[in-house]
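Below is one structure, written out as structure tokens, with a few remarks after it.
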Amino acid sequence: MRSIGMVIVIAFIMFGFSIFYDDIVNPPEFNESPTEQTDSSPSENPNEDLKLPESGIQQFLQMNQEELLTKIGEPDRIDPTPYGYQWWIYDEDPDKYIQLGVDKGRVVTLFALGRDVDVSPLEIGQQRSEIEKKVKMNTKAKLEFDGNEYQFELTEEEMNTRPLVKLNGAWAQLYMDKFEKTLVGIRYLTPEILIMQRPYSLEYRGRLIEQPELAEKDWEEIQNAEELQIFTMTNVIRKQYDVPALHWHEETSQVAYGHSKEMNEENYFSHESPNTGSLSDRLNHQDIDYSQAGENIAANYIDGIEAVIGWLNSEGHRKAMLNEEFTHLGVGVYERYYTQNFIVPR
């Protein structure tokens, strides 16, 4: 796609929660509109002189596959993504949980969530006030790639929950807990992947990088992979907050998948289905015997990682994710729709 002027792309995300089938967060309005070029450009990268230690996880960005295998060994599994690269998942130890995105034999993105992962010069669990002493954060991020110009603009909420920074030439999203004001995780990306995913409002001149076209079979494999990632990440986060891990519940995951699929196909976003009713109706229809249940839903995040971070930073969703009374979790993903169903079986 080519553009004569500059175009703004506004990320559209929705999420809602229901614990004991009560409340819901209304999704934000979405609009997309063209804009003319402006002179409002961010200052030069303020973190250019911040040296990244060779020991930190950022060392893997752009590393070739053979060297990666030599350094950390085979992944526990390999998952497909909608963006062309594959996630190499290392999840045997939740305190060292990482995902490395490999494309054409090279690491193009990586994500760290485990609290013992070396994310130098930062630390998982570090207070934001300490991070801000080291890293300057701007509402605008400007980059050039392949002769094209791009500028991301972050909202106040995005600055609070997932600021985008450039650390000595490497782009990173800092995933924050806005309630505790701590660093939960970090994602590094090459410019090409950042532009393709466009997780923030974007102005650009030139070419907009599009994600690959996917067949139905591709989506099925991606959905299955993201369900497991969301389940695992939820438990990693629960461990960060000293909450017991959840057990996978297959029947409940089928209920969650059915709701995500229906919301996508019938173009609505709600815990209340016009066909299957409430969460309690859906669980009862599947003969799932439970004493407590709750549901988180989300839509139009770029992937399961951002959906999980979004839930963590919304009060109602957070209560479900970190609820000590829930014992089991079912996850259902259908394209860009995500559902978590928490239960306590009888």
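Descriptive notes on the structure:
- Among the residues here, A245 qualifies as more than 19 Å from the chain's Cα centre (by Cα) and modelled with pLDDT of 95 or more.
- Taking each residue of region 204-226 that is under 15 Å from I89 (Cα atoms) and looking for partners that are of a type in the set (G, A, S) with beta-carbon atoms closer than 6 Å, six or more apart or interchain, yields E226/G304.
- Verdict on L246 being of a type in the set (A, V, I, L, M, F, W, C) and over 29 Å from D177 (Cβ atoms): no
- Pairs, first aromatic (F, W, Y) in region 72-83, second open to solvent by 20 Å² or more (accessible area, probe 1.4 Å) and assigned to a loop (DSSP other than H, G, I, E, B), C-beta under 6 Å, six or more apart: Y83/Q211
- Of all the criteria given as (1) acidic (D, E); (2) without any contact (Cβ under 8 Å) to a residue 12 or more places away in the chain; (3) in contact with a strand residue (DSSP E or B) (Cβ under 7 Å, 6 or more places away or on another chain), the one not satisfied by E149 is (2).
- For region 122-144, the criterion of a residue being under 18 Å from the mean Cα position of the chain (by Cα), in contact (Cβ under 8 Å) with a residue 60 or more places away in the chain and under 28 Å from E315 (Cβ atoms) is satisfied by at least one position.
- Applying the condition of being closer than 24 Å to I186 by Cβ and aliphatic (A, V, I, L, M) to region 285-306 and asking which residue is most open to solvent (accessible area, probe 1.4 Å) yields I302.
- Check on L312, under 25 Å from Y200 (Cα atoms) and either in contact with a strand residue (DSSP E or B) (Cβ under 8 Å, 6 or more places away or on another chain) or open to solvent by 10 Å² or more (accessible area, probe 1.4 Å) (or both): yes
- Residue selected from region 161-183 under the condition assigned to a strand (DSSP E or B) and among the polar types (S, T, N, Q), by the criterion least open to solvent (accessible area, probe 1.4 Å): Q173
- Taken over region 59-87, the criterion of being open to solvent by 30 Å² or more (accessible area, probe 1.4 Å), over 19 Å from the mean Cα position of the chain (by Cα) and of a type in the set (A, V, I, L, M, F, W, C) is satisfied by L69, I72.
- Residue in region 88-102 that is surrounded by the fewest Cβ atoms within 10 Å (Cβ to Cβ), counting only those that are touching a residue at least 60 places away in the same chain (Cβ under 8 Å) and assigned to a loop (DSSP other than H, G, I, E, B): D91
- Pairs, first under 12 Å from Q86 (Cβ atoms) in region 104-116, second at pLDDT 95 or above and of a type in the set (G, A, S), C-beta under 8 Å, six or more apart: V107/G101; V108/G101; T109/G101
- Whichever residue in region 184-221 is open to solvent by 50 Å² or more (accessible area, probe 1.4 Å) and acidic (D, E) and, among such residues, is farthest from the chain's Cα centre (by Cα): E216
- Checklist (1) at pLDDT 95 or above; (2) out of contact with any Phe, Trp or Tyr (no Cβ under 6 Å at 6 or more places or on another chain); (3) open to solvent by less than 20 Å² (accessible area, probe 1.4 Å); (4) under 21 Å from P191 (Cα atoms) applied to G56, failing item: (1)
- Restricting attention to region 103-137, the residues that are assigned to a loop (DSSP other than H, G, I, E, B), within 25 Å of G304 (Cα to Cα) and open to solvent by 50 Å² or more (accessible area, probe 1.4 Å) total 5.
- Residue within region 143-159 that is open to solvent by 50 Å² or more (accessible area, probe 1.4 Å), touching a helix residue (DSSP H, G or I) at 6+ places or on another chain (Cβ under 7 Å) and closer than 19 Å to I237 by Cβ present: no
The values are calculated or read from the model by the stated rules, or taken from the named source; none is laboratory data. Here the structure is a predicted model, which is why all the values come from computation and not from measurement. Here the Cβ is made from the backbone with ideal geometry for all residues, glycine too, and neighbour counts use every protein chain on show. Accessible surface is based on the protein model in full, side chains and every heavy atom, while ligands, DNA and RNA are left aside. Shrake-Rupley method; radii C 1.70, N 1.55, O 1.52, S 1.80 Å.
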